[in-house]
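A short worksheet on the structure shown next.
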Amino acid sequence: MIVEDFILKNYNAHIESGSVKWESPSNIALVKYWGKKENQIPENPSISFTLSNCKTITELTYTKKDFSTALKVSSDFSFDVYFEGEKNEAFKPKIQTFFERIEAYVPFLRDYHFKIETSNTFPHSSGIASSASGMSALALCLMSIEQKLREDVTLSAVERSSEKNYFKRKASFLARLGSGSACRSIEGELVVWGQNESTESSDLYGIKFDGEVHPNFKNYQDTILLVDKGEKQVSSTVGHKLMFGHPYAEQRFNQAHDNLAKLKSVLASGDLQTFVKIVESEALTLHAMMMTSMPYFILMKPNTLEIISKLWKYRSENSSNVCFTLDAGANVHVLYPENEKESVLKFIKNELSTFCQNGHFITDFVGKGAQLIKN
Ligand code: PMV
């Protein structure tokens, strides 16, 4: 599908009001997206596990503006945001920007007033980015409204031929415009985003990984160790920009293509040792990119390194396949197969939780993607 396919041309804003609700998970990248072009187009392909427990629940209530009254009704975007039951002004600028970016594709945005009620299952200010789950949940709510507004109009050939895919792909397309990695949160269990030679792919939206997946990766576990719950030191907007003119950018982008190709065969064969090598190398490369950019950043904390070295020791002493990955921050995602769950969790509680802020960690595992709660 191309950009034009996502422009909503025929719709009928006949519905006065209603509300829809979705829950959408976070995701953790195995091959990392770092660096983007104009319009949130990634410089390199990425692949992620969709998570289960870490999610955002968003209810979107829409009420048609009454343009007929003598009182002047503004045609600006009109919305209120409630986070965990409380009115929240801080989220508004990000949503305003999101609406500006997606307006061309969902033109009914100016026809309605929206009440956005959102909450996360993971603690606020846990250092876990909520942009992937938050933006994907909101994009899905907008798609549910779009679907209602299109009920009695003639669909284009593209829309008709792939109605089911169209919904998910456009939700992912919109989510991408809110936050790049959010486009990988619509479906499970593995999602690829960014054109590449190894898998079915697009720069415009995430696609469920189409390759074979060995049972070793079923219910793969992700325990998130909360090393630093503070605000991100480098926002991802700033972070992606660091790749402009970065001396190693081209090599890094090529490496991501190679790693995705390798990971594809690892996912099919179930070769956990190679999986560990690719995933850890990707995490460290992401951080190496930040350390070697100008300006430069160190986003790991001493406790991040303590955890990594303990984890490596545990892995070699126990012939384990546990490994780590990192986002653009200090928290550590500990990844391991389901059959190691008991032993690794014991190890985390006994030896790693001491390096977490207030001993906090979150247990999660690979999930199937977003869920409609109310339509
Ligand atoms: O979606 P953004 O713009 O917040 O970027 C996220 C980038 C990483 O989390 C560091 C990597 C990834 O692929 O998710």
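The values are calculated or read from the model by the stated rules, or taken from the named source; none is laboratory data. Bear in mind the structure is a predicted one, so any value in this text is a computation, not a measurement. Here the Cβ is made from the backbone with ideal geometry for all residues, glycine too, and neighbour counts use every protein chain on show. All accessible areas refer to the heavy atoms of the entire protein, side chains included, with ligands and DNA or RNA removed. Shrake-Rupley method; radii C 1.70, N 1.55, O 1.52, S 1.80 Å.
Consider E282 carefully, then state whether it is outside the structural domain of K170 (by TED's automatic domain parsing), free of Cβ contacts under 8 Å to residues at least 24 places away in the same chain and in contact with a strand residue (DSSP E or B) (Cβ under 7 Å, 6 or more places away or on another chain).
Criteria not met by E282.
Select, from K218, K262, the only residue that is among the basic types (K, R), more than 14 Å from E43 (Cα to Cα) and touching a residue at least 60 places away in the same chain (Cβ under 8 Å).
Going through K218, K262 in turn, just one is among the basic types (K, R), more than 14 Å from E43 (Cα to Cα) and touching a residue at least 60 places away in the same chain (Cβ under 8 Å): K218.
Among the residues of the stretch 160-215, write down those that are among the β-branched types (V, I, T) and under 12 Å from the mean Cα position of the chain (by Cα).
I186, V191, V192
In this structure, is K32 out of contact with any helix residue (DSSP H, G or I) (no Cβ under 6 Å at 6 or more places or on another chain) and either acidic (D, E) or in the same structural domain as S130 (by TED's automatic domain parsing) (or both)?
Against the criterion (out of contact with any helix residue (DSSP H, G or I) (no Cβ under 6 Å at 6 or more places or on another chain) and either acidic (D, E) or in the same structural domain as S130 (by TED's automatic domain parsing) (or both)), K32 does not qualify.
One residue is enough: does the stretch 217-224 have a residue meeting the conditions within 22 Å of N350 (Cβ to Cβ), at pLDDT below 95, within 16 Å of the ligand (Cβ to nearest atom) and not in a helix (DSSP H, G or I)?
No.
Residue by residue through the stretch 129-154, note down the ones that are open to solvent by 20 Å² or more (accessible area, probe 1.4 Å) and over 30 Å from I28 (Cα atoms).
K148, E151, D152, V153, T154
Would you point out the residue of the stretch 319-352, among those that are hydroxyl-bearing (S, T, Y) and in contact with a strand residue (DSSP E or B) (Cβ under 6 Å, 6 or more places away or on another chain), that is nearest to F297 (Cα to Cα)?
So the residue we want is T325.
Picking from E86, E43, E59, which residue would you name as being open to solvent by 10 Å² or more (accessible area, probe 1.4 Å), in contact with a helix residue (DSSP H, G or I) (Cβ under 7 Å, 6 or more places away or on another chain) and of a type in the set (D, E)?
Selected residue: E43, the only one of E86, E43, E59 that is open to solvent by 10 Å² or more (accessible area, probe 1.4 Å), in contact with a helix residue (DSSP H, G or I) (Cβ under 7 Å, 6 or more places away or on another chain) and of a type in the set (D, E).
Which of the following residues is charged (D, E, K, R), without any contact (Cβ under 8 Å) to a residue 12 or more places away in the chain, touching a Phe, Trp or Tyr at 6+ places or on another chain (Cβ under 9 Å) and not assigned by TED's automatic domain parsing to the domain that holds N27: K310, K277, K349?
After applying the criteria, what remains is K349.
Would you mind stating whether I57 is within 13 Å of the ligand (Cβ to nearest atom), within 17 Å of the chain's Cα centre (by Cα), in a strand (DSSP E or B) and touching a residue at least 60 places away in the same chain (Cβ under 8 Å)?
So I57 fails the test.
Which helices (runs of 4 or more DSSP H) sit wholly inside the stretch 105-214 and have at least 1 residues that are away from the ligand (no atom under 15 Å from the Cβ), of a type outside the set (S, T, Y) and in contact with a strand residue (DSSP E or B) (Cβ under 8 Å, 6 or more places away or on another chain)?
Passing ranges, in order: 131-149, 163-178.
Specify the residue that is most open to solvent (accessible area, probe 1.4 Å); the eligible residues are those in the stretch 228-256 that are of a type in the set (A, V, I, L, M, F, W, C) and more than 14 Å from the ligand (Cβ to nearest atom).
Among those that are of a type in the set (A, V, I, L, M, F, W, C) and more than 14 Å from the ligand (Cβ to nearest atom), it is F244.
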